[in-house]
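A short worksheet on the structure shown next.
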Amino acid sequence: MTSMTRSEAGTPPPPWHIALAKRGLRSVAISVLFGVVLAAVRQQNLWITLIYTVTISIICWFCIDLGRLGVARIRQPPVVGAGADGKRDWPGWPWMVVIILLGSTVGFSLGTAVGDWVTGLQSSNLYNQGNLRDALSLLLFALLPAVALTYFFYSRSVIADREASAQAARGQAAESRLKLLESQLEPHMLFNTLANLRALIGLDPPRAEAMLDQLIAYLRATLSASRLARQPLRAEFARLADYLALIQVRMADRVEPRFELPPELSEIDVPPLLLQPLVENAVKHGLEPSVRGGRIRISAAREGDDLLLSVRDTGVGLDAGRAERDTTAGAGFGLAQVRERLATLYGARASLRLESAVDADGGTLAVIRLPVGGPGA
């Protein structure tokens, strides 16, 4: 009796000897269950029945399993991983019918002989029957469980393969969606900056030139980082410092950035440019409308197994209509983009909260909560 295991898509299968041992143990467990039921139905001695069922099952499994592996490897080279059609190490049903027939015949005869040797009894087998009918009855007795179990484990392997394939497809779709969102973010930031640069060229050419130099330096520093799947939190803060330096060229002393990153959190990996839209939002909707400008504080803290990333500005704050719109529907490209990235990477374990600051400085507070261990933690 045999079973076939399948590895998940993209995951190397276990070593052949480990997989073989697992299949053998399953066959032994099934043969013990079968022996207990058989002894109860036929009112036979339990231990003697178990000896015969276990020896016959083990030898049948061994012959069928090795036959299956041998023929499959002769017909097609081994591959890494299992396909969604369940064809890894599978020679096809026409070959399996022959393998099961031969394996069951040999397994039943040898298993019975081994059982006789262990118990000291003399049992009937395929070679000492007095007529063809009895011989065929014994052969059918060995064949039916072998065919049933082979089909059962084959069906299980096909289902497992299809589930693994579907899971891999969902993962690839989520990754593609995430890359699309990231690619949309960079032009969004760039277009905002270029629009400000264009306005500044006519008003203050020297400052526009300084801003252009800062933009070139910023893009050079962030180009490679923006293509990474994850980066240390210190790198995320460094990119934000570059961006706010660019903003300071345009807004001068109306923007006062502050960064609070505890050393113990600096190496935690986060998605790149995750805080960028929140900082842009704070500048555009908080500090720019304010005549006096204000501070923008970017901080990180740990709360249990969660990482809290905060962007706080002391600008004009949220009016009631904007607060309700942003906190519920995620209005604006930046906030919607952050929420989509968090949902794609972390599901319900991550969140973005936007609210009015409650202290005397006023302004707006945006807080991202995500698991410290990253996606899948």
Next item on the list: Would you mind telling me which numbered condition in (1) at pLDDT below 90; (2) touching a Leu at 6+ places or on another chain (Cβ under 8 Å) ASP313 fails?
Entry: (1)
Check: When residues of the stretch 64-95 are filtered for being surrounded by fewer than 23 Cβ atoms within 10 Å (Cβ to Cβ), modelled with pLDDT of 70 or more and either touching a Gly at 6+ places or on another chain (Cβ under 8 Å) or in a helix (DSSP H, G or I) (or both), how many remain?
Finding: 13
Note to self: Suppose we filter LEU342, LEU352, LEU365 for residues that are assigned by TED's automatic domain parsing to the domain that holds LEU307 and assigned to a helix (DSSP H, G or I); which single one remains?
What the structure shows: LEU342
Notebook entry, point to check: What are the residue pairs meeting all of these: first residue in the stretch 335-350, first residue farther than 25 Å from VAL283 by Cα, second residue among the charged types (D, E, K, R), Cβ atoms under 9 Å, and 6 or more apart or on different chains?
Noted result: THR344/GLU175; THR344/ARG177; ARG349/ASP306; ARG349/ARG369
Next item on the list: State yes or no: is ILE48 more than 13 Å from SER104 (Cβ to Cβ), in contact (Cβ under 8 Å) with a residue 60 or more places away in the chain and assigned to a helix (DSSP H, G or I)?
Entry: yes
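The values are calculated or read from the model by the stated rules, or taken from the named source; none is laboratory data. Given the structure is predicted, the values throughout are model-derived calculations rather than measurements. Neighbour counts are summed over all protein chains in view; Cβ atoms, including those assigned to glycine, are modelled from backbone coordinates with ideal geometry.
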